[in-house]
Amino acid sequence: MKTPAASAPLDLAAIRARLAGARGQEYWRSLDEVAQTKEFQEMLQREFPANASEWTDDVSRRNFLKLMGASLALAGVTSCTRQPIQKIVPYVQQPEEIVLGKPLFFATAMPFNGFATGLLVRSNEGHPTKIEGNPEHPASLGATSVFQQAAILNLYDPDRSQAVLEAGEVSTWGLFLGALNGGLEEQRAKRGAGLRILTETITSPTLAAQLQALLKKFPAAKWHQYQPVNRDNAHDGARMAFGEVVEAQHDFDKVKVILSLDSDFLFAHPEGLRYTRQFTNGRRVSHDRTEMNRLYQVESSPTITGSMADHRLPLNAGAVEGFARTLAQQLGGGAQAQAGGDVQARWISAVARDLQRNRGASIVIAGEQQPPVVHALAHQMNDQLGNVGKTVGYTASAEAQPVNQIQSLRELVREMDSGAVDMLVMLGGNPVYNAPADFQFAERLAKVKLRIHLSAYQDETSAYCHWHIAESNFLEAWSDVRAFDGTTSIIQPLIAPLYDTRTAHELIDVLMQQPGRSSYDIVRDYWLARKVWPDFEPSWRKALHDGLIAGSALPSRAVQLKMAGGLPPASAGPVGAQGERLEVCFRPDPAVWDGRFANNGWLQETSKPFSKITWDSAAQVSVPLAERLQLANGDVVQLRFRGRTLRMPVWITPGQAENSILLPLGYGRTRAGHVGNDTGFDTYLLRESEALWFAPGLEISKTGEQYKLASTQQSHNVQGRGLVRDGTLAQFRANPEFIHANEEAPKPNNTLYNPGEYKSPDYAWGMVIDLNTCIGCNACVVACQSENNIPVVGKSEVARGRDMLWIRIDQYFRGGAENPKVTNQPVPCMHCENAPCELVCPVEATLHDHEGLNLQVYNRCVGTRYCSNNCPYKVRRFNFFAYGYADGKAASLKPMRNPDVTVRWRGVMEKCTYCLQRISAARIESKKQGRRIRDGEVVTACAQACPAEAIIFGDTSDAGSRVAKLKAEPLNFGMLGELNTRPRTTYLAKLLNPNPDLEAQA
Amino acid sequence: MPEGDPKITKGPEADVGYPLTPLGYPSRILGPGETYDTVTERISSIVLRHPPLKLWWVGFAIAFSMLMMFLFAVTWLLYRGIGIWGVNIPVAWGFAIVNFVWWIGIGHAGTFISAILLLVLQKWRTSINRLTEAMTLFAVACAGMFPLLHLGRPWLFYWLLPYPDTMGLWPQFRSPLVWDVFAVSTYFTVSLIFWYVGLLPDLATVRDRAQTWRKKFIYGVLAMGWRGSARHWQRHQSAYLLLAGLATPLVLSVHSVVSLDFSVAIVPGWHSTIFPPYFVAGAIYSGFAMVLNIVIPLRRIYKLESYITLRHLNNMANVMLATGMMVAYGYLMEAFMAWFSGDIYEQYMMVNRAFGPYGWAFWALMLTNVLIPQALWSRRVRTTPILLFLVAFSVNVGMWLERFVIVITSLARDYVPSIWRMYYPTRWDWMTFFGTIGLFLTLLLLFIRFLPMISMSEVRELVTEHEEVEP
């Protein structure tokens, strides 16, 4: 056995530096070349997967030579697209259930931040191609977030780790077992005193049981947990309020008034999808329902939840506690507001009155980044308002062991430093990158004698470990996981592991020195042993089929407020008085989260809410602060916080609290992979264990440098055009037609050409998008990308204005730049009945069918781009390069493609098709059964993903369909209807439900 | 034109002594002392002996290098795709269309001079029509390349042509781009035939004067057996007149059709009924500017002052002044209609044009295309070749900017503000643009070198008429 401890960190660093240029299977074949030759680097550059690569239009010498060669045979090379010759071997024995061309759906679940979201995954001929939500699962309700939608790309990511590595060199599982056994024998003698396990948040019952068994075998060993975005504050808050760790389970269904204390509960909460559904259900307004809930949002930087607020108060994160305390005092009949100036005082009394008017029908919810006190105050206010048992319930935590993760990691780091740790096994996680900077994790990790890292990527932490074990993706291995409310799902794989990868279950089994069981056996044995089902096999099958174990949700629990009457003590230290001192805030990024999705091209190209930046991170500064410091977007600043410095560009964010600067987590990775490396800036460098989420004392200075940020929306001003329409609930009650006041839309069928073109036996497909419930979470965008094989184009192409996404979310700001009202507007193709794009195409490559679909015939398109010019909505996308086809170089991405959707070649226009392939599938099915397509049978990818059910698709010729009913609503309007385009996609106007008390003063 | 006493006293040597009318305008369309022999000798000698050869080679080297740059840029374009240009969404048409319209416009002066002025019996056209017709051909050749190159899949350009195919597909006749195909191809064909028919007698002259057998052979083939018989002349003249009649409506139709590419679209800044007349005026405007930019150096270098006289320059300047005023009126009407329509999109378009991010282009356009050409009111400017050259150059720049403003500024900001984006040309855009200038100059220099640039037969007619007036 080699002694890994012998290899000094210096060597590792050198190897790491060399390997940074290599990828996949090439590097061990030609390690020397990697280090020595430029040509090899160049080859790597070209060999990037297209989804990952960015287009550069420089002509190198090499390309020049190629070009000269090409010019000789010009006519030859460009006259046709040659398809590769591939031999197809048909099934000798067709597997049961598989009908070629017909997808199968399997229920499974995706763990994210430890918690489950139930999924239905589509499988085409044995490979998973699309992730959808499981309607039966309480944390999904059929919807998904961006992260679930994009997770499928991680499975096929060519940068994924594919083998066992020893000190960066490819090794084998057998060699690893040998090395491990040596260490374990040593530990057995010490009862495991030198053995430490570090995991992220674990809810898997099987894994938890395995870990317990391991700790039983090695009683002196310890299990630590850390993930950068954790629930420590919520747990400590519950401990403060109730003396035990409980999780609040909110029910937004019947709520009238919501106060969110810096909580992004629609997006960043483990139950975000269900909360979104319930919250938006309470905001759906129609001619016969004129009730709406009301959301007050107090937050430091604009969030997806904040964009839905009826009243939003930008406040330093540190000032939220004062706000909450004063409000709690008032609710408890205490003194009138004194803290925080006029606006805040008015706010507090108005909110207090409103909450009190709606006792038992309100919710106060605190954000995970707020200190425990704020959580305790929220619990207390819910108690005071009589919400407990009605809108707020309590359960135990679904986590296997809800410890304070920062303490847990601190303890581990201390022991590593003292040399007490001989062997550290990390199951997932990337602490070298994301542990608090003051822990100096990497340095201390180097003192551990045997370091083992199980991870899907050879990331920053792997580089510091002796052994790296490639981890299986959740779509290719068995496991189980619990949702936030405790509902347990068995994770069933859709495909055999693509590479030589292992799961955490298998690794723990090896630590138990019981190798040989597969994950399937481990999970199944656990559930057999649990004896939860009298008749195992049918119940097990049912659990797999349903995607959840019925009745596994945690029972609600009666808790007693331990602070009866009194208020929790204030947080120690100056958590951030409102003043000139700048406050630093950290939040997970809405696209790459804590960095774990950094190598996911779809998420990188998803434009972040508000800034609409892609592929980058920027420090978000408020408008007044930018004015004070004379900052412009993209100006690079030097940030200094407690002696640590970081240079990064700024982005001026309307709605940001004046003296608070938001630093998004998750960027600046150095070993994420080809997609994620060198994007954005690593803000973990400023994050300390004592200031995990926010703290005052940030210093900022301009450097004079500029950095190019690729934003997809430059203008957020609607310029007085009726593209989005909004108003208040009161206006709607007074005059339901108020949004049509200044409308100049021509009458339908006011045409010389073909009046009544769409006759009744045909379907008339149409879509309604409800601006009142759209939260702008981007799930539809990534869902569309996944369904329709939309390529990723890279930062420089996005910066040029060539993003390919078929649906985009426009955000318009209204009101002052300090705190604007936000309207989210998803914009897919409008499928105009009178489409301007159609008549200008010289080859008739775009035309509409008898069902009103505006079609794009890729084969016929020659690429004049006239249609795009003439599209007033600018929803058409053009393949300026062969974006989609460059994927061919990354073989692993091929099976991810939806086989029902053409991959478009260079020079061809494309756009939203209303998921034509899904309409066709439904049409075939209905014809076979001799009936019309039923309402709801065709669901577009965007509508299916939407947690708010803001997108409704269907047959408008059927008066009973949901979409037809919505189109008859008074709030329905067509964008740019005055151009007589007669769009089939229409919108429902956005309404706000402001509190008259606050409105009058504002 | 009646001549008076005054004569030109200042200016280039060759122009001194040139007679003026009593009002002080240039009078002669042919220099003094020109006879059949001098005309034939002077013009055919350029083709056969080519006096300032060194200068020609310098010019040709530059032009040919630019042409090579063009070929390089185009090869790379076909290899990599349209993405090497700066076009994006929403500005899906960039330099290619700007250049296309600019070149097509330049071509118009040639047809205007040779066809319309022929029909309205403007004798002064005879000494410049050959050159301007050649210019038309070359400009249309440059123009015609852009719509093909700018396609996403240029190798499928023939799908725009109506040909019977196995799938029974035809072009979509509602699209102005299909009209463009017809308009431009017709224009090129008619211009080519018209030019060639006019060349026949001169080719025969060159054949007859050629010394080497090779020249005799080539020019002989090109002359198609022209012997100058009365029957030849009779047929030639009627063919020429008929072709002039055919070409005349093209002057109006081609650029009208090109303008419909914009008018038919609903983009604010494009969707305007004034475009056809205003584009035609602009085309003739820029065409004459280009003719002046070519003719002024040429008459100097090849000492053609007695064929291309100050009278010609003055007349062309007058046409420019008139069409320039029409174009200015067009600008004014666009602004007026934007306000008068009450359409917020049109109104914003106008404000954005002048004060948006591309405002510099608009004001540069106003300067080069409206303000500077006002100098043409001065007779001194019109009859001073160097000043006229500068004004014409300004107009050429201005007309390019006009198309830039129309195409780019309108597209960059249309209906939906969320997708307003800027367009930045890449080096490939510039290389392609200057490359076509290289192609144009290369063709022009080859033409000057190998074909008679002034119509000898027609100038000889002029000599006859002059001799009748003043023997």
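The numbers here are math on the coordinates, done by the rules we state, and not lab data. This one's a predicted model, so the numbers in the text were calculated from it and none came from an experiment. Here Cβ is always computed from backbone atoms with ideal geometry, including for glycine, and neighbour counts include all displayed protein chains.
Structural remarks
- Each residue in B:ARG413, A:ARG897 was given a count of other beta-carbon atoms within 10 angstrom of its own, and listing them fewest first yields A:ARG897, B:ARG413.
- Of B:PRO452, A:CYS465, B:ALA204, farthest towards positive along the dipole that unit charges on Lys, Arg, Asp, Glu beta carbons give the protein assembly as shown: B:ALA204
- Between the residues A:TYR433, A:MET416, A:HIS379, the greatest Cα displacement towards the positive end of the dipole of segment A:334-457, with unit charges on the Cβ of Lys, Arg, Asp and Glu, is found for A:HIS379.
- For segment A:731-835, size of Cβ-based charge dipole, Lys and Arg +1, Asp and Glu -1, in debye: 260
- Theoretical FRET efficiency, 1/(1+(r/R0)^6), r = Cβ-Cβ of B:ILE437 and A:GLN440, R0 51 Å, to 0.05: 0.20
- Rounded, prolate or oblate (a/c below 1.5 giving rounded, otherwise prolate when a/b exceeds b/c) for the protein assembly as shown by Cα gyration tensor: prolate
- Dividing the C-alpha radius of gyration of segment A:891-1002 by 2.2 N^0.38 Å, with N its residue count, gives 1.46.
- Approximating the spin labels as points 7 Å out from Cα along Cα→Cβ, the A:ALA420-to-A:ILE88 distance works out to 6.4 nm.
- Considering only A:SER607, A:ALA783, A:VAL510, the residue lying farthest towards the positive end of the dipole of chain A is A:ALA783, judged by Cα position with unit charges set on Cβ.
- Peptides A:316-322, B:33-39, B:102-108, ordered by how many other C-beta atoms sit within 10 Å of their residues on average, highest first, read B:102-108, A:316-322, B:33-39.
- Extension gain (nm, one decimal) between A:GLN514 and A:THR902, 0.36 nm per residue minus Cα-Cα: 134.9 nm
- With a 10 Å cut-off around each Cβ of B:88-96, the average count of Cβ atoms from other chains is 6.
- If the segment from A:GLU411 to A:ASP525 were pulled out straight at 0.36 nm per residue, it would be longer than the present Cα-Cα gap by 37.7 nm.
- Centroid-to-centroid separation of segment A:423-488 and segment B:338-369 [C-alpha atoms, Å]: 59
- Charge dipole (debye, nearest 20) of chain B; +1 at Cβ of Lys and Arg, -1 at Cβ of Asp and Glu: 1080
- For segment A:234-261 and segment A:130-164, distance of Cα centres in Å: 28
- Amide hydrogen proximity for A:ARG671: with H placed 1.01 Å from N in the peptide plane, the residues at 5 or more positions away or on another chain lying under 5 Å are A:GLU460.
- Averaged over the residues of peptide A:531-539, the number of Cβ atoms from other protein chains lying within 10 Å of each residue's Cβ is 0.
- In order along segment B:39-45, the phi-based Karplus estimate (6.51 cos²θ - 1.76 cosθ + 1.60, θ = phi - 60°) of 3J(HN,Hα) comes to 4, 4, 5, 4, 6, 6, 5 Hz; Gly and Pro are listed as x.
- Here, segment A:914-966 has an Rg and a Dmax of 11.3, 33 Å when only alpha carbons are counted.
- Here B:TRP377, A:TRP173, A:TRP615 are placed in order of increasing Cβ neighbour count within 10 Å, fewest first, which gives B:TRP377, A:TRP173, A:TRP615.
- Only Cα pairs under 8 Å and 6+ residues apart enter the sum, and on that basis the relative contact order of segment B:76-232 stands at 19 percent.
- Principal semi-axes in Å for segment A:582-711 [√(5λ), Cα gyration tensor, largest first]: 22, 17, 13
- Karplus-derived 3J(HN,Hα) values for segment A:295-309, using 6.51 cos²θ - 1.76 cosθ + 1.60 with θ = phi - 60°, are 10, 9, 10, 10, 7, 8, 9, x, 10, 4, 5, x, 5, 9, 6 Hz; glycine and proline are entered as x.
- Paramagnetic label zone (point 7 Å from Cα along Cα-to-C-beta, A:SER286; backbone N under 16 Å) in segment A:769-783: A:769-773
- Rounded if a/c under 1.5, otherwise prolate or oblate - segment A:603-649, Cα gyration tensor axes: oblate
- J(HN,Hα) series, segment B:441-452, from Karplus relation 6.51 cos²θ - 1.76 cosθ + 1.60, nearest Hz, glycine and proline x: 5, 4, 4, 5, 5, 5, 4, 4, 6, 10, 10, x
- Sequence of A:TYR226, B:TYR278, A:TYR707 once ranked by neighbouring C-beta atoms within 10 Å, starting from the fewest: A:TYR707, B:TYR278, A:TYR226
- Amide H contacts under 5 Å for B:THR21, placed H, 5+ residues apart: B:GLY4, B:SER27
- Per residue of peptide B:168-175, the mean number of Cβ atoms on other chains within 10 Å of the residue Cβ is 5.
- Label-to-label distance for B:LEU332 and A:ASN859 is 5.6 nm, based on points extended 7 Å past Cα in the beta-carbon direction.
- Point-charge dipole on Cβ atoms (K/R +1, D/E -1) for chain A, about Cα centre, debye to 20: 620
- Percent antiparallel among DSSP beta bridges (both partners in chain A, rounded to 5): 60
- Shape of segment A:232-396, Cα gyration tensor, a/c cut at 1.5: rounded
- For segment A:651-678 versus segment A:283-316, the gap between their alpha-carbon centres in whole angstrom: 25
- Unsatisfied cross-links (Cα-Cα over 21 Å) in the set A:LYS608/A:LYS821; A:LYS130/A:LYS911; A:LYS102/A:LYS928; A:LYS612/A:LYS894: A:LYS612/A:LYS894
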